[in-house]
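The values are calculated or read from the model by the stated rules, or taken from the named source; none is laboratory data. Please read these numbers as outputs of a predicted model, since none were measured by experiment. Ideal geometry is used to build each Cβ from the backbone, glycine not excepted, and the neighbour counts take in all protein chains shown. Note: accessible area is taken over every heavy atom of the protein model, side chains too, but ligands, DNA and RNA are not part of it. Shrake-Rupley method; radii C 1.70, N 1.55, O 1.52, S 1.80 Å.
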Amino acid sequence: MTKLGVNVDHVATVREARQAIEPDPVAAALLAELAGAHGITVHLRQDRRHIKDDDVRRLRESVTTRLNLEMAPTDEIVGIALRLRPDQATLVPEREGEVTTEGGLDVMQNAARIESAARKLGEAGIQVSLFIDPRPEIIEASARIGVPMVELNTRAYSETCPRSPDPAGRAFSEEFTKVAAAARQAAGLGLQVLAGHGLTYRNVRPISDIPQIVELNIGHNIISRAVLVGMERAVREMLEAMGYRSA
Ligand code: PXP
C-alpha cells in the first residue's frame, strides 16, 4: 500500500492568523500519527509564515514515524536541517510571495546548488528527495544528482480534476499519464518515487494506485476537512464550557 505523509503546515497557518499559541502543529502531527499517518511533513519557508524553527525542533522530539522537512536548498535552511536532523529533506523551489510551491525544482538550471545541498544533507544521514515535475528530462537530471528519491508534482493532475475525477476526460488522462510515466521512469532509474501537491479525497485514488509510488504527501485537503469534521464537536464543547448541558 502507498504510504501517507501528512503535511501540517496549515495548522500553523491558522495559528499565525492570530499570532497565538494554538492550534499547535505538533499536536496535530501526533494526532495524525495516532490515526495511522506514516510520516509528518512540514515546510520551513524562508519567510517563516507558518512553520517556525521551534516547531521543527519540537516535531523532531515528538514525531515517532518519519519527519520530512520541505525546504529550499539555501545555506541558511540547509544549516537548520543539519542541526535538527529530520529523517528526510525534500528540496523544493521557493519564490517570495508565492501562495504555495508553484512547480518542481529546475534541476537542470540549478544543478550545482541542488547537488551541493543534497550532498551535505546526505552525508549527515538525512534522506534527500527532490520535488520535481513529471518530465522525462527532469527525472534523468535528478537521477544524475544521485539522490535516493524524488517527489513527483501532482499539481497539474490535481487541477484537471479538482472535484470528481472524470477518468474519461482528456485533460485528466493527459496529466495522469505524465505522472504514471514519470513514476515508471524514475523507478527504472532506481529512485524511490513519492508524489504530492493538490491531492484531495476525490482525486487521490488513481495516483495512490500507481504501483511505483511508495508515498503521498498531502496537506491542505486534510487540514480543510479536519476543520469541517471537527466543527460540530468544537461548538458543542464551547456550549458545555458555557454551562449548557450536553445534548
Ligand atoms: N509536496 C510538496 C513538495 C509541497 O510543497 C506541498 C505543499 O506544501 C505538498 C506536497 C502538499 O500539497 P497540498 O497541501 O496541496 O496537499
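Let me cross-check residue 238: its accessible surface, 1.4 Å probe, with only protein heavy atoms counted, in Å² to the nearest 10?
Accessible area, nearest 10 Å²: 120 Å².
With +1 on each Lys and Arg Cβ and -1 on each Asp and Glu Cβ, how big is the dipole of the chain about its Cα centre, in debye rounded to the nearest 20?
Dipole size: approximately 420 debye.
Add +1 for every Lys or Arg and -1 for every Asp or Glu among the other residues with Cβ under 12 Å from the Cβ of residue 185, and state the total.
+1
Quick check: convex hull of the Cα atoms in the range 1-153, volume per residue, rounded to a whole Å³?
Residue-normalised Cα hull volume stands at 111 Å³.
Under a Cβ-Cβ cut-off of 11 Å, what is the net charge of the residues other than residue 213 that fall near it, where Lys and Arg count +1 and Asp and Glu count -1?
With Lys, Arg at +1 and Asp, Glu at -1, the neighbours total -1.
Which of the trypsin sites (Lys or Arg not before Pro) across the range 62-111 are loop residues per DSSP, with 13 or fewer other Cβ within 10 Å?
Filter output for the range 62-111: 95.
Rg(Cα) of the range 86-165 divided by 2.2 N^0.38 Å?
Dividing the Cα radius of gyration by 2.2 N^0.38 Å gives 1.16.
Find, to one decimal place in angstroms, the Kirkwood hydrodynamic radius of the range 94-133, where the mean of 1/r is taken over every pair of different Cα atoms and then inverted.
The Cα-based Kirkwood calculation yields 11.3 Å.
Compute the longest continuous run of the chain that contains no exposed GluC sites (Glu not before Pro); treat a site as exposed when its DSSP state is not H, G, I, E or B and it has at most 12 other Cβ atoms within 10 Å.
99-247
Return the FRET efficiency for the residue pair residue 54, residue 102: r is the Cβ-Cβ distance, R0 is 30 Å, and the value is rounded to the nearest 0.05.
0.65
Not counting ligands, DNA or RNA, and with a 1.4 Å probe, what is residue 10's accessible surface area in Å² rounded to the nearest 10?
Looks like 60 Å² after rounding.
Using the heavy atoms of the protein chains alone and a 1.4 angstrom probe, what is the accessible area of the range 18-171 per residue in square angstrom?
Heavy-atom SASA per residue in the range 18-171 reads 49 Å².
By how many nm would the segment from residue 228 to residue 244 lengthen if fully extended, with 0.36 nm per residue of separation less the alpha-carbon distance?
3.5 nm
Using a 1.4 angstrom probe on heavy atoms only, work out the carbon and sulfur share of the accessible area of the chain in %.
53
So if the hydrodynamic radius of the range 177-227 is defined as the Kirkwood radius over C-alpha pairs, what does Stokes-Einstein give as its diffusion coefficient at 4 °C and 1.567 mPa s, in µm² per second?
111
Report the local net charge at residue 2: Lys and Arg +1, Asp and Glu -1, summed over other residues whose C-beta lies under 9 Å from its C-beta.
-1
With a Förster radius of 35 Å, plug the Cβ-Cβ distance of residue 235 and residue 209 into 1/(1 + (r/R0)^6) and report the FRET value to the nearest 0.05.
0.40
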